[in-house]
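Read-outs: derived from the displayed coordinates by stated rules, not from any lab. All of these numbers come straight from a predicted model, not from anything done at the bench. For neighbour counting, all protein chains shown are included, and Cβ atoms are generated from backbone atoms with ideal geometry for every residue, glycine included.
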Amino acid sequence: MKFVSTRGDSPATGLSQAMRHGVAPDGGLYLPESLPRLGALDPAVSLAHWSTAMLAPFFEGDVLAAELPDICAEAFDFPTPLVAPDPSRPGLRALELFHGPTGAFKDFGARFLLACFDRIGDPAEPLNVLVATSGDTGGAVGCAAEGRSAVSATILYPRGRVSAFQERQLTCWAEPVRALEVEGDFDDCQRLVKAAFARADLSRAHRLTSANSINIGRLMPQMAYLAAAAARVHSESGVKPGLIIPTGNLGHGFAALYARAMGMPIGPIVLVTNSNRTLADWHRSGDYAARASVATIANAMDVGAPSNFERLIQLDPDQREVDIQMVDDDTIRSRVVEEYRASGYIWCPHSATAAEAYARLSPERRSERPWVACATAHPYKFADIVEPLIGAKIAPPPALEAILSRETRSEAIPATLQGLASALERQTVLT
Ligand SMILES: *Cc1c(COP(=O)(O)O)cnc(C)c1O
C-alpha cells in the first residue's frame, strides 16, 4: 500500500515513511492511495487480533508489516468495554475508551504510533516526536514515549488552557520526554508544530516527527477500535449501529468515516463539537471557514481549524455523510447532571456532548438501531468541573492515581518558532 498527500503534490510513499513524515512534503496529510477493502472479520476475537486483521492492508509491503501483530498487542492491551450507561435506555451504549494509562482514548493512538516509531527509529539517532496538545494527546504521548530508546517526545501545551490534572500528566514523564508550556492557545501550539516541520533544517537536525491526529499512525488504531465495537453490536443486533463521536481536530471523527468507507458495519455517524462552530457552519452552509478556537469546558475539543478536515473532503460525498451537532457549555453541564440523576453514570464533559447528541435524536432514529456513544475520557480527569455538578466525589482509577504521585517539570516558551527552535537547541546541547 502506498500513501499519498491530500494536496496531491508529494510522491507516494510507504507507511513507515508516511508516519515518519507526519505531514507530507507539500503540507498535505497522508491517506492510502486507494481505500483498503476487507472481507468479513470475526467480531469475537480480541481487539489486538481484530486490529491486526483490519490494519494489515495499510501495512502491506512496509518494513513494519511483520511487526504488526506485536504492535497491536502492545498498543491494545487494555479493555474497551461497551456498557449500557442507563438501563432505561437499552438502545444507548457507551464505548468506554478511557481505560488506558492516561485515561483517554488518545492512549490508543499514542501507544500504537510510538510502538511503530520505536521500531522505525535508531537508538543512535532517535526520532523526536513533536506534539501540540489541547490536553490529552501530550499525556498519552509522554506516557507512550517514556523509557524508549529509538524515539523521544517534546510536548507543547497551551498555558492556562488545560485542567490541573491534565497539566500534571503532561509534565510527569521521565526521559526522553520534555514538556514545553506555550504562551498561547492550542491553535498557536499547532501552528508552531506545523512551522517547525516546514523548516527543513530544523526538522532534519532534530529528526522531528509528529504524533498529532494528523499522523496516519494515530488514525489507524482509532479506526480499528471503532469498527470492532460496531461489529460487536452488529453481530448481536443484526443492525449497523450509529456512532456518536465527540470531535475537535476531527481525528476520531475522520477515523469513523474512513472505517465505514472501508465497509465496516457502521450506520449513521453523528459528529459532536463543543461551541467551536467551524464544522457546524460548514455542514450548514457548505463553506469551510477556519476560526480562532473558543475555550470551553470540553477543552480537548477546543479547535477552530480542525486539521483533518483536509482528509474529510477527500472522501466521496456519500462516504462523508454525517450529522453535526454542537453542544455549548451550559448544555454540557445540564447533560452531565441529568444523566447522573437518571442512572448514576458519570460522563466527562467531552463524552457528555455525545450523550446530549443521543438525547437529541428523534424517537424514530433511536428505535431504528442501537447507538454507540464514545466516552472519550475518564470523568476523574475533569473532576474540577464534574464533581461540583453532580455533588459527589469521583474516585480515580488506579492508572490515574499513579500519576498523582509523580514529580513534574516543564519549560515556558513564547508562541514563536524562534522560541521553539531555541528550546530544541537546548535539548540537543543537554543530551
Ligand atoms: C482529543 C479528544 C477529543 C477530540 O478528538 P479529535 O480526534 O481531536 O476529534 C474528544 N474527547 C477527548 C477526551 C479528547 O481527548
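Based on the convex hull around the alpha carbon atoms, segment 326-418 presents an average projected area of 9.6 nm². Under a 5 Å amide H cut-off, with hydrogens placed 1.01 Å from N, Ala179 pairs with Ile155, Glu411 among residues at least 5 apart or on other chains.
Of the residues Leu170, Leu68, the one with the fewest other Cβ atoms within 10 Å heads the list, and the complete ranking is Leu68, Leu170.
Please build a GNM for the chain, connecting alpha carbons under 10 Å apart, and tell me which residue among Gly391, Gly28, Gly103 fluctuates the most. Of Gly391, Gly28, Gly103, the Gaussian network model singles out Gly391 as fluctuating most.
In this rough spin-label picture, where each label sits 7 Å from Cα along the Cβ direction, the Leu38-Ala164 distance is 4.3 nm. Computed over the chain, the per-residue total of -39500 (n - 2.57) for DSSP H runs of n ≥ 4 gives a 222 nm mean residue ellipticity of -13000 deg cm²/dmol, rounded to 500.
Around the amide H of Ala373, modelled in the peptide plane, lie the amide H atoms of Arg93, Ala94, Leu95, Ile244, all under 5 Å away and 5 or more residues distant in sequence or on another chain. Sites listed here are GluC sites (Glu not before Pro) in segment 30-76 whose DSSP assignment is loop and whose Cβ has at most 15 other Cβ atoms within 10 Å: Glu33, Glu60. Taken one residue at a time, the phi angles of segment 92-104 give Karplus couplings (6.51, -1.76, 1.60, θ = phi - 60°) of 9, 10, 9, 8, 7, 9, 10, 9, x, x, 10, x, 9 Hz. Gly and Pro are set to x.
The phi-based Karplus calculation (6.51 cos²θ - 1.76 cosθ + 1.60; θ = phi - 60°) puts the 3J(HN,Hα) values of segment 231-236 at 5, 4, 5, 4, 6, 6 Hz, whole numbers, x for Gly and Pro. Taking only the Cα atoms of segment 1-151, the ratio Rg/Rh comes out at 1.00, with Rh defined as the Kirkwood radius. For segment 303-314, 3J(HN,Hα) computed residue by residue from phi via the Karplus equation (6.51, -1.76, 1.60; θ = phi - 60°) reads 10, x, 9, x, 4, 6, 4, 4, 7, 4, 6, 6 Hz, glycine and proline entered as x. Expressed as a whole percent, the proportion of Cα-Cα pairs in the chain lying more than 31 Å apart is 34%. Each of Arg89, Arg204, Arg232, Arg406 has some number of other Cβ atoms within 10 Å of its Cβ, and from fewest to most they run Arg204, Arg406, Arg89, Arg232. Considering only Ala144, Ala255, Ala40, the Gaussian network model of the chain with Cα springs below 10 Å gives its largest mean-square fluctuation to Ala40.
Of all the options Pro379, Pro349, Pro123, the one that moves most in a Gaussian network model of the chain with Cα springs shorter than 10 angstrom is Pro123. Taken over the alpha carbons of segment 278-376 as equal point scatterers, the Debye sum produces base-10 log I(q)/I(0) values at 0.16, 0.24, 0.25 Å⁻¹ of -0.83, -1.37, -1.39.
Sorted ascending by nearby beta carbons within 10 Å, beginning with the fewest, Val386, Val294 become Val294, Val386. With a Förster radius of 22 Å applied to the C-beta separation of Glu411 and Val294, the computed FRET efficiency comes to 0.20.
Between beta-carbons, use under 14 Å as the cut-off and find the net charge around Tyr288, counting Lys and Arg +1, Asp and Glu -1. After counting each charged neighbour, the total is +2.
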